[in-house]
1. Among (1) open to solvent by less than 10 Å² (accessible area, probe 1.4 Å); (2) among the acidic types (Asp, Glu); (3) farther than 19 Å from Asp171 by Cα, where does Asp446 come up short?
2. Given the criteria more than 23 Å from Phe90 (Cα to Cα), in a helix (DSSP H, G or I) and under 26 Å from the mean Cα position of the chain (by Cα), does Pro284 qualify?
3. Being in contact with a helix residue (DSSP H, G or I) (Cβ under 8 Å, 6 or more places away or on another chain), modelled with pLDDT under 85 and open to solvent by 60 Å² or more (accessible area, probe 1.4 Å) is the filter here; which residues of segment 339-357 pass it?
4. State whether the residues of segment 255-275 include one that is in contact with a Pro (Cβ under 9 Å, 6 or more places away or on another chain), at pLDDT below 80 and open to solvent by less than 40 Å² (accessible area, probe 1.4 Å).
5. Before we move on, is Gly406 touching a helix residue (DSSP H, G or I) at 6+ places or on another chain (Cβ under 9 Å) and over 15 Å from Ala484 (Cβ atoms)?
6. Between Ile28, Ile48, Ile52, which is open to solvent by 10 Å² or more (accessible area, probe 1.4 Å) and part of a loop (DSSP other than H, G, I, E, B)?
7. Considering segment 358-392 alone, what residues qualify as being open to solvent by less than 40 Å² (accessible area, probe 1.4 Å), assigned to a helix (DSSP H, G or I) and without any contact (Cβ under 8 Å) to a residue 24 or more places away in the chain?
8. Is segment 406-413 home to any residue that is under 20 Å from Leu362 (Cβ atoms) and either free of Cβ contacts under 8 Å to residues at least 24 places away in the same chain or of a type in the set (Lys, Arg) (or both)?
Amino acid sequence: MNILAKFKETAVSVLPVMAIVLFLGFTIVPLDKFLLARFLVGGLLLIIGLTIFLLGVDLGIQPMGERCGAELTKKRSLSLLLFVAFIIGFIVTAAEPDIQVFGGQVRGIFPFVNKLIITFVIAAGVAFFIMLGLLRTVLNISLKWTFFISYSVLFALAIFAPQSFFGIAFDSGGATTGPMTVPFIMALGLGVSSVRDDNDNSFGLTGVCSIGPIMAVLIYAIIMKAGGAFSGIAQSASENAASATKTSVALNAAEASGFFSNIFSPFGMIAGHVFREALISIVPLFALFVAFQIFLLKMTKRQVVRIIIGFAYAFFGLTIFLIGVNGGFSQAGAALGQKLGEMAGTRGGAWYALLIGTGLLLGAIIVCAEPAVWVLSEQVEQVSGGTIKRKVLLVFLSVGTAIAIGLSMWRAVAGFNLKILLIPGYFIAMALMLFCPSLFSGIAFDSGGVASGPLTSTFVLSFTLGAASGNDSYNSFGVIALVAMMPLLAIQIMGIIFKIKKNKTSKESADAL
């Protein structure tokens with residue numbers, strides 16, 4: 001891989017986001033100059049970290065996942081494949097830093113929720129559905145029917161779940177798709193399908209896995225509701241969320257003001273914490289690699305060294321990436337969203353349009369900087385033999401994410417039930433599967449998982465929370481769910497267009513003969 005070319009590609013993805021924020025921060029929505037300076041430093045670290053991380057994925061994580069999937073399938077032991085898949089899913093999910101943070105956020109809203117229990121609930125949901133996804137691939141069960149039945153059960157459960165947990169459940173699906181686990185899960189699915197020589201089943205495993213935590217959290221909420229845990233707390237949960245968000249924004253502003261004398265000190269303060277988070281993310285995967293190498297893969301010394309180097313690159317790249325995102329990038333997003341939300345709330349009119357328009361622009365651009373999105377787009381181009389262009393996929397994914405963020409901005413300041421968007425959206429996604437090629441349906445559901453990565457979950461979520469801070473911040477919950485849903489529509493529409501063009505070309509060729 002040409003690291004300079006990769007650096008250029010990542011820079012082209014991130015720099016437009018930085019340009020939008022800096023332009024607004026210096027002109028229409030003035031932000032503190034030191035905050036903008038930290039944003040600039042964070043953006044540069046993000047570009048460097050993402051470049052190194054993607055190099056590590058190509059060298060280590062992706063080859064390991066593909067080899068593991070292929071070798072497990074060659075053993076022709078379905079029980080072994082499913083057992084290992086469950087263990088992989090549980091371990092890597094439970095160790096995902098985003099899940100730890102998510103569990104803490106849920107407990108902050110609902111004090112009766114045990115952080116460890118909900119972490120294990122989410123991990124078990126992912127583990128069960130990664131096992132189900134690989135079983136589907138091996139038995140050649142229709143991907144479309146798998147999604148249709150799973151989402152039908154999911155929305156049936158949602159009827160009985162507490163209203164206040166609906167957004168949390170769907171956001172948990174996005175929280176599980178971390179930058180370390182998604183490339184491995186996608187590569188595992190590619191490895192299994194490669195043995196069967198079935199490209200149509202190469203994608204979809206990440207999409208299937210994303211259903212697991214949503215369903216598991218809904219079941220957990222129903223059980224808690226039956227035990228009376230939600231009695232008299234549903235209303236206060238919304239109030240606590242609003243209060244916590246306002247307090248968080250205020251504390252961030254006060255905290256930042258103490259560090260303005262030294263722009264770089266916030267990055268140094270979080271470096272140790274981020275280092276530990278990245279280490280916790282990579283150690284379980286590396287431990288699995290060691291176990292697989294001893295008992296299954298038996299790779300040559302040169303291959304082992306190459307994968308170890310890849311893991312090292314991925315670890316340091318992820319560390320730098322997260323330091324940049326959490327040290328300067330997300331704070332600027334929160335401040336920008338808060339100011340735009342306040343102006344829209346007090347002045348309305350053009351400020352509403354500016355808030356939603358900014359959300360649309362940021363959504364269109366920021367998804368292209370997600371680590372897992374790069375991995376997915378490259379795999380799609382590779383598996384399709386170049387017939388599905390990476391740039392075209394990114395365009396449709398950007399449009400879908402832009403609409404999702406725009407809707408989130410509207411909901412943050414206007415306030416309406418999340419189900420009004422999610423239920424019709426998923427219904428349309430299920431209907432599109434009737435006309436869309438299976439390969440594109442798999443890519444679409446995988447895209448929904450990878451679009452809601454660490455950059456979206458930090459910068460965009462901070463921007464949305466900031467926009468809702470002057471209102472009821474309960475309306476900011478579900479932004480990750482919307483980001484995960486819209487690519488299901490956009491990519492399947494792309495697949496239908498691709499199918500129509502292909503049929504038209506085939507017909508023209510036949511007529512010419």
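The values are calculated or read from the model by the stated rules, or taken from the named source; none is laboratory data. These numbers were taken from a predicted model, which means no experiment stands behind them. Methodologically, a virtual Cβ is constructed for each residue, glycine included, from the backbone with ideal geometry; neighbour enumeration extends over all protein chains shown. Ligands, DNA and RNA are stripped out before the accessible areas are found, and what is left, the full protein with its side chains, is counted by its heavy atoms. Shrake-Rupley method; radii C 1.70, N 1.55, O 1.52, S 1.80 Å.
1. Result: Asp446 passes all but (3).
2. Values: more than 23 Å from Phe90 (Cα to Cα): no; in a helix (DSSP H, G or I): yes; under 26 Å from the mean Cα position of the chain (by Cα): yes.
So Pro284 fails the test.
3. Of everything in segment 339-357, just one residue is in contact with a helix residue (DSSP H, G or I) (Cβ under 8 Å, 6 or more places away or on another chain), modelled with pLDDT under 85 and open to solvent by 60 Å² or more (accessible area, probe 1.4 Å), namely Tyr352.
4. yes
5. Details: touching a helix residue (DSSP H, G or I) at 6+ places or on another chain (Cβ under 9 Å): yes; over 15 Å from Ala484 (Cβ atoms): yes.
Taking the combined requirement at face value, the residue satisfies it.
6. Ile28
7. Ser377, Arg390 - these are the residues of segment 358-392 that are open to solvent by less than 40 Å² (accessible area, probe 1.4 Å), assigned to a helix (DSSP H, G or I) and without any contact (Cβ under 8 Å) to a residue 24 or more places away in the chain.
8. Checked against the condition, which is being under 20 Å from Leu362 (Cβ atoms) and either free of Cβ contacts under 8 Å to residues at least 24 places away in the same chain or of a type in the set (Lys, Arg) (or both), segment 406-413 yields at least one hit.
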